[in-house]
Each structure stands twice: as structure tokens, then as C-alpha cells.
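Asker: Here's a structure for you.
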Amino acid sequence: MSGSELPKLARVAHAGHCNRCLSALPSSHIQIDASRLAIGFYCFGTLDLLGSIYEKTKEIEREGWREWLWHQQTNRPYGTDPEEYSEYDTPHLIMTYTAILSLAILRDDFEQLDRNGIVRFLQACQREDGSFTSFPNGGESDLRQVYCAFAISSMLDDWSGVDVDRAVSFIQQCSSHEGGYGQQPTGEALGGTTYCALASLYLAPSVSDLHAPNPHVTTDERRRTIRWLLQNQASSGGFSGRTNKDADACYCFWCGASLHILGVGDLVDRTAFLSYLASCQFKFGGIGKAPEDRPDPYHTYLSLAALALFPLEDADPSWKLPRLNALWNTTEDTADWIRQHVPLYTVKAQSPVRK
Amino acid sequence: MHGVKRVQYSQAALEAKKQRDHDKLKAYLALSDDVIARKKSHDMSNEAFELTTRLLRMNPEFYTVWNYRRDMFIESLFPQRSPSEVNELLSDDLSLTFELLKQHPKVYGIWNHRRWCLEHIPDGPSPDDVNGYRNSTWNKELFVVEKMLDADARNFHAWNYRRYILATMPFPPPPKSELAYTTRKIEANFSNFSAWHQRSKVLTTLWETGELDRVKSIEEEFELVRNAMYTDPDDQSVWIYHAWLIGNGNYAARLQFEITSIQELLDEQPDSKWDKKALVDSCLELLAKLRDIDPPRRRRYDEIAEGIRSGNEMQ
């Protein structure tokens, strides 16, 4: 099937799905209650990609969301010592990352951002082996947290919270013989963690260009990672997250973006890719993990983000999406906003570094 | 989200479901507000502890509440209690997390809490036997993770946890018994890549310690993989494992044997000459075939062919 034969992207319906999720979620979703910031980000991100933040939401709602987001910023460590985090404080690394992105999408001025607090928080989360835990001195640790720490530091343009060498060394230990990267050293390669590893290695300070060889990725690692990623594209066009698993729309982003970061996005079968994601659209709005599956904001956002990275020339205009910053996982316009408002010192005259 | 199923309802049933949902949500939100308020006011009572149990049963992904629970263990439940009582409290939480894992096998917070419990088992039962509690509890963990892998042999949380247990338990079983475990899992299902992956890790250890002779072992592995290949040549796991084996031994004779084997599988005449030109032509021919039978990766094969041609020209 050529690009021109594809069904349309149901933009209005998908925006509607995320808008509804922003108001309320059913009881079947109780388990994501603690991850509201992440769900918020997937919804805001969807609206951002569809260019409908201002169309579909009112200023009073956006103000409310910004306020809600700031309400989640912990101003001091919980516990008796105001300088040290205890094991049981609960600002969360992944939620911090999604909160910053959400605020940027909502065009907040970031006056309230506690930059020093965040840097201290990152320091408290990094372990001996270079990995990061979800909360200070506790919680699970794997490449997702490393990625969030790197993304946050890069957005702050302040790496004093991270021991980069140790973190890079941890990432490299997660490299799997199959290609790709596992959650931890000795783990099986997974699509999500492969994205986290590669995005981190390309965000690391002193690495400037997506298309130049990366000092932290050996030729061999690169070659077998490309091979493993490409093998994960099923004949349906969708990507699976691991060897011998089924295709899933979210891996179209995790694996697709990984290939994009490695500079070999052209090797993806783009028409099949689009056709798979088109078939994952749910008839009442939203995108699910596979055709006929129920949609959710996570799969909706990641499908659109994947589509933004792999535009198809002859596809219907409904499929046209803005450029995506693959390393931060947000639109380039939002990335520009971040560069201008998140770091403590911004040099407005300088042209932004294209990643 | 992953795993939420679609069900069809009649109008009346839909109304009833809506009401149940509404009540469930109301109860959840009330409980959640109560627990968080108590956490903020540093409530370390038994009552608060029971409430966290109730809340975690409804929402085991609520990491803040797992943290609060651990806080209560450390600050109020453990102090003033004997090692035997502490051990019992932790055993109860291990039972709780096992129960929750059966319903929620991929929730990071539950696996994480389990690790925390294991790592906080006290010395005991006596000064002569300070590791008794630990040994008995840790020894049960392999059983727990086996149950989880029986339910879902690809659950990477369970496999990672299995590796953690084997690396940390006081008296782990010998690596050869883990090798046997991977054999069982592979024989149950060749496409279980997680089992092949684990096998590669265990073998590496056995080769490094000298427990298994590397050369002989690799021969046996090639045999195993050839069986799998001929049983199901479409299985990705087998080829990735094969590539790993090849990478682990640079024996020209072995390479030649493998190439011959694979050519037989492709129903081709095994090639006897292996000069450079023959190899290059053979590769280009195979790549052309691959383009036809594996369209999603067309561009990749073109790229590889280009690389071979230009490399060849440079010589």
C-alpha cells in the first residue's frame, strides 16, 4: 500500500481522547494514579504534536494544569535534615522529567523552578555503579532513570548533579550481545531501554552531533544494535520491543527513535510503519498498542511522536506533524522554549543547537 | 494500558458497571487521601500501617505508599521488637508481594519492595545461627521466581530478579543447575529468547570458572542450536544465539561447518570453494534473495551490499 492509500490520521478524535483523559480516568486505571504526571505529559504531548493545545484547551485550564504541576514540586526534602534527602522522600525522577516537559508544552516561564533543588535531587539519586534510582536513596534503578537524569541535566544545561563518566560506564555495561541495551547489566535487550541508553549517550556533554560517531558507542555495538533494532520491525510494519515478541505501537517510537538517533532512520520501512500505526487507531479516538486494542494516552502520544520522526512524502496531509526533538522527546518548538526558559542562564542571541 | 481488555456490556449491565466503578473510585480516593494525609503528618501507627496494606492491594503501583510503609517498618514497627517478630513481619510482606505479583507481575514497585524485605531480614534465630532466617527466606525465592516464570516465561522483571537472587543469596545452587533450568525452559519453547539469553550468561560464567571446557561446550551448543534451527528455522531466538556462539570462537573449521549446515537448510548445494570472490558473490546473491523475502529490511540489505561492493573495489 502506498502512502496515498492510507486512511487519514484522525487528529480531532485523538485530541478528544487525550482531553477526556485529562479530566478523568475510569476505575480500571486506578493503578496509574501515582503516575498522573506521566499521563499528563502523554496527553499534553499529544495535543502539542497535533498543534491543538490552544484550540482544544482554555487558558483557565492551562493555568490550572500549570498550577497542579507546580504543586508537585517538592520544595525541601521530607525528613528532619533540610540538606540531606532521607531514604523515604518521594520526589520521583521520571515524574520530574515529565513535569518539566509538560510545563514547557504549557509555555510556563519556569520562574518557580527550583534548579538547585533538582541538582541536589539528582545527586541523591545516583548510585555507586553510576545508575539512578527513582527517588533519593531508594527505589528501583535502571536505564529509564539514567535517561531522565540526563534529559533533565541537559534541559537545565547544568550537569553538576550527575557523575557523567560513571553513568556512561553503567550504560555501556547494559549493552547486550544481541545488540541494544538491557535494564541492567546481564539483562535482555529491550526497546525502551535501548532508546534510553542511546538518547543518554547522545545527550551527554561533549557529544555534539547526532550524525557524527559517538565516542561512547563502539562500532561493534552500533552495528549489532542497528541490526537488532531493524530485526524488530515485523512484516506488519510495527516494531516489537524484544526478540520474538509481538509488534506494539509504543515500540515504533522506542525502536524507531533509536534508529533515528543512530542516523539510520532511512533504513526503516516507512510505508509499512505508517500503515501499522494507522491501523492501531481506535474508532472513537486514541491509539492502542495493536489493531483492535483499547487506546490510552501513552500509546497515542508515542505513536504520534514516532510518526513525527518518519514523515511519508505522499501521505495525506492529515499525517503531517511538526518536527520532533528525538533526544528530549518533544516537538522542536517546545524544545526551543525549554532552551530559552529552563536553564538558569540563557543566551538569547545564540542560535539553538539542533539535536 | 498494556493488558486492559475490552468487554461488551448490555445497557443494564453497563449502568450497573458504571455504579460499581463510581463506588470503587470513591472508596479508592477516600482511602488514598486518608493515607497521604497520615503520611504528611508522620503517622506511624498500626492503624496507618493497616491502611497502607489496603491501599496497596487496590493500587500496588503507588510507590509513595510503599515508601511510607517501609518508613513505618524502620521507625516504628521494627524498633522494640525481637528479631523473630521482625522476621515474621517481613515474611508477611513477602507473602503480600507474592500475592500482588500474581495479579500484577510487571509492577516495579512490588519487585522493589520484595528486594527491600530480603535485604532487611535480621540476624537470627540465635547467636550461633545468625544466618538462619536469611537462608531459609532466600532459599524460597527461587521457588517464587519459578512460579512467576511458569506464568510468563518472558517476564523480564522475573528474569532480572532471578539473576539478582542467584547473585545475592547466601548459598546459591551451582551454575550447572541453572544451565539445566535454561535447558528445560528452552525445550518447553524454542522461541523463549529470555531463556536462551540466560543460558548465554550462565555458560560464560561456567567457561570463566573452568567448570565447563569451553571448546567442548561450544560444540554441544552448536548441536543444540542446530536441532532448534531444523525444528523451526523461522525462530529469531535461535539465530541470535547462533550468532553469539560464532562470536565466541574463531575457528575456521567450525565456521565452514556452520555455513555448510545453513546452506543445506536453504536447500542449496554446499559450496566447497571459499576464496574471497566466491564469498563476495555468495553474499551478494544471498542479499538479493533477502530483499525479496524480507521486504521490511530491503534498505538494510542494500546498504550491506553496497558496503561489500565498495569494500571489494577498494581491494
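The values are calculated or read from the model by the stated rules, or taken from the named source; none is laboratory data. Predicted model, so just to flag it, every value in this text is computed and none were measured. Don't worry about glycine lacking a Cβ; one is built from the backbone with ideal geometry, like all the others, and counts go over all protein chains shown. Only protein heavy atoms, including side chains, enter the accessible area calculation; ligands, DNA and RNA are left aside. Shrake-Rupley method; radii C 1.70, N 1.55, O 1.52, S 1.80 Å.
Asker: Of the numbered conditions (1) touching a residue at least 24 places away in the same chain (Cβ under 8 Å); (2) under 19 Å from A:G138 (Cα atoms); (3) of a type outside the set (D, E, K, R); (4) assigned to a helix (DSSP H, G or I), B:S91 satisfies every one except a single condition; which is it?
Answerer: (2)
Asker: Now a separate question. Here's a check for you: in the range B:36-81, which residue that is without any contact (Cβ under 8 Å) to a residue 12 or more places away in the chain and among the charged types (D, E, K, R) is least open to solvent (accessible area, probe 1.4 Å)?
Answerer: B:D43
Asker: Continuing with this model, one more query. Name the residue, out of B:A180, B:A167, B:A151, B:A158, that is without any contact (Cβ under 8 Å) to a residue 12 or more places away in the chain and farther than 25 Å from B:F222 by Cβ.
Answerer: The match here is B:A167.
Asker: Right, next: Among the residues in the range B:30-42, are any at pLDDT 90 or above, under 32 Å from the mean Cα position of the chain (by Cα) and within 9 Å of chain A (Cβ to nearest Cβ)?
Answerer: Quick first cut of the range B:30-42, residues at pLDDT 90 or above only: B:30-39, B:41-42.
Those left that are additionally under 32 Å from the mean Cα position of the chain (by Cα): B:32.
Okay, now just the ones that are also within 9 Å of chain A (Cβ to nearest Cβ), so B:32.
Yes, the range B:30-42 contains a residue that is at pLDDT 90 or above, under 32 Å from the mean Cα position of the chain (by Cα) and within 9 Å of chain A (Cβ to nearest Cβ).
Residues are listed down the side, and each one gets a yes or a no for (1) away from chain A (no Cβ under 14 Å); (2) assigned to a helix (DSSP H, G or I); (3) open to solvent by 20 Å² or more (accessible area, probe 1.4 Å):
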residue: B:K106; (1), (2), (3): no, no, yes
residue: B:R115; (1), (2), (3): no, yes, yes
residue: B:N135; (1), (2), (3): yes, yes, yes
residue: B:E141; (1), (2), (3): yes, yes, no
residue: B:E146; (1), (2), (3): yes, yes, yes
residue: B:L149; (1), (2), (3): no, yes, no
residue: B:A153; (1), (2), (3): no, no, yes
residue: B:W159; (1), (2), (3): no, yes, no
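Asker: From the set of residues in the range A:19-42 that are within 14 Å of another protein chain (Cβ to nearest Cβ) and within 17 Å of A:T330 (Cβ to Cβ), which is most open to solvent (accessible area, probe 1.4 Å)?
Answerer: Step one: filter the range A:19-42 for residues within 14 Å of another protein chain (Cβ to nearest Cβ), giving A:21, A:23-39, A:42.
If we keep only those that are within 17 Å of A:T330 (Cβ to Cβ) too, we end up with A:37-39, A:42.
Numbers: A:L37: 21, A:A38: 11, A:I39: 12, A:Y42: 37 Å².
Looking at residues that are within 14 Å of another protein chain (Cβ to nearest Cβ) and within 17 Å of A:T330 (Cβ to Cβ), I get A:Y42.
Asker: I would also like to ask the following. Within the bounds of the range A:133-142, is there any residue that is away from chain B (no Cβ under 14 Å), assigned to a loop (DSSP other than H, G, I, E, B) and open to solvent by 10 Å² or more (accessible area, probe 1.4 Å)?
Answerer: From the range A:133-142, those away from chain B (no Cβ under 14 Å) are none; that's our starting set.
Looking through the range A:133-142, none of the residues is away from chain B (no Cβ under 14 Å), assigned to a loop (DSSP other than H, G, I, E, B) and open to solvent by 10 Å² or more (accessible area, probe 1.4 Å).
Asker: Something else now. Looking only at residues that are open to solvent by 10 Å² or more (accessible area, probe 1.4 Å), within 14 Å of chain A (Cβ to nearest Cβ) and not in a helix (DSSP H, G or I) in the range B:175-221, which one is nearest to B:F143 (Cα to Cα)?
Answerer: Filtering first and then ranking leaves B:N189.
Asker: Output yes when any residue across the range A:334-352 is over 18 Å from A:S154 (Cβ atoms), more than 21 Å from the chain's Cα centre (by Cα) and touching a residue at least 12 places away in the same chain (Cβ under 8 Å), and no when none is. Step through it out loud before you land on a result.
Answerer: Our first condition is that a residue be over 18 Å from A:S154 (Cβ atoms); within the range A:334-352, this holds for A:348-349.
From what's left, more than 21 Å from the chain's Cα centre (by Cα): A:348-349.
This time we only want the ones that are touching a residue at least 12 places away in the same chain (Cβ under 8 Å), so: none.
Checked the range A:334-352: no residue is over 18 Å from A:S154 (Cβ atoms), more than 21 Å from the chain's Cα centre (by Cα) and touching a residue at least 12 places away in the same chain (Cβ under 8 Å).
Asker: Does at least one position in the range B:244-262 carry a residue that is modelled with pLDDT of 90 or more, surrounded by 12 or more Cβ atoms within 10 Å (Cβ to Cβ) and touching a helix residue (DSSP H, G or I) at 6+ places or on another chain (Cβ under 6 Å)? Give the derivation first.
Answerer: Residues of the range B:244-262 modelled with pLDDT of 90 or more: B:244-245.
If we keep only those that are surrounded by 12 or more Cβ atoms within 10 Å (Cβ to Cβ) as well, we get B:244-245.
Applying the additional criterion that residues be touching a helix residue (DSSP H, G or I) at 6+ places or on another chain (Cβ under 6 Å) yields B:244-245.
For the range B:244-262, residues modelled with pLDDT of 90 or more, surrounded by 12 or more Cβ atoms within 10 Å (Cβ to Cβ) and touching a helix residue (DSSP H, G or I) at 6+ places or on another chain (Cβ under 6 Å): present.
Asker: Another question, if that's okay. If I ask for residues that are under 16 Å from A:L321 (Cα atoms) and part of a loop (DSSP other than H, G, I, E, B), which ones from the range A:1-57 would you list?
Answerer: Across the range A:1-57, the qualifying residues are A:L6, A:P7, A:K8, A:L9, A:A10, A:L50, A:G51, A:S52.
Asker: Same structure again: Considering (1) touching a Ser or Thr at 6+ places or on another chain (Cβ under 7 Å); (2) assigned to a loop (DSSP other than H, G, I, E, B), say which one A:L229 fails and leave the rest.
Answerer: Answer for A:L229: the failing condition is (2).
Asker: Going by the conditions given, is A:C125 crowded, with 21+ Cβ neighbours inside 10 Å and under 24 Å from A:F239 (Cβ atoms)? It would help to see each step written out before you state the result.
Answerer: On the way: crowded, with 21+ Cβ neighbours inside 10 Å: yes; under 24 Å from A:F239 (Cβ atoms): no.
Answer is no for this residue.
Asker: Among the residues of the range A:177-187, write down those that are over 19 Å from the mean Cα position of the chain (by Cα) and crowded, with 24+ Cβ neighbours inside 10 Å.
Answerer: A:E178, A:G179
Asker: A further question on this structure: Just need a number here: residues in the range A:196-220 that are more than 13 Å from chain B (Cβ to nearest Cβ) and either open to solvent by 20 Å² or more (accessible area, probe 1.4 Å) or part of a loop (DSSP other than H, G, I, E, B) (or both). Walk me through how you get there before you give the answer.
Answerer: Filtering the range A:196-220 down to residues more than 13 Å from chain B (Cβ to nearest Cβ) leaves A:196-218.
Next, only the ones that are either open to solvent by 20 Å² or more (accessible area, probe 1.4 Å) or part of a loop (DSSP other than H, G, I, E, B) (or both) stay: A:204-218.
Total meeting the criteria: 15.
Asker: Conditions first: (1) among the aliphatic types (A, V, I, L, M); (2) surrounded by fewer than 24 Cβ atoms within 10 Å (Cβ to Cβ); (3) closer than 15 Å to A:G180 by Cα. A:L267 passes all but one, so which condition is the exception?
Answerer: (3)
Asker: Restricted to the range B:79-104, and to residues that are among the hydrophobic types (A, V, I, L, M, F, W, C) and within 14 Å of another protein chain (Cβ to nearest Cβ), which residue is nearest to B:L25 (Cα to Cα)? Don't jump to the end; show me each part of the working.
Answerer: Our first condition is that a residue be among the hydrophobic types (A, V, I, L, M, F, W, C); within the range B:79-104, this holds for B:86, B:89-90, B:94, B:96, B:98, B:100-101.
Filter again for within 14 Å of another protein chain (Cβ to nearest Cβ), leaving B:100-101.
Details: B:L100: 20, B:L101: 22 Å.
Here the residue is B:L100.
Asker: Mind telling me which of the residues A:L309, A:L321 ends up being at pLDDT 95 or above, open to solvent by 10 Å² or more (accessible area, probe 1.4 Å), in contact with a His (Cβ under 9 Å, 6 or more places away or on another chain) and hydrophobic (A, V, I, L, M, F, W, C)? Outline the logic, then answer.
Answerer: Working: A:L321 fails: in contact with a His (Cβ under 9 Å, 6 or more places away or on another chain).
Selected residue: A:L309, the only one of A:L309, A:L321 that is at pLDDT 95 or above, open to solvent by 10 Å² or more (accessible area, probe 1.4 Å), in contact with a His (Cβ under 9 Å, 6 or more places away or on another chain) and hydrophobic (A, V, I, L, M, F, W, C).
Asker: Report the residue count in the range A:272-288 for those that are out of contact with any Gly (no Cβ under 9 Å at 6 or more places or on another chain) and open to solvent by 50 Å² or more (accessible area, probe 1.4 Å).
Answerer: 1
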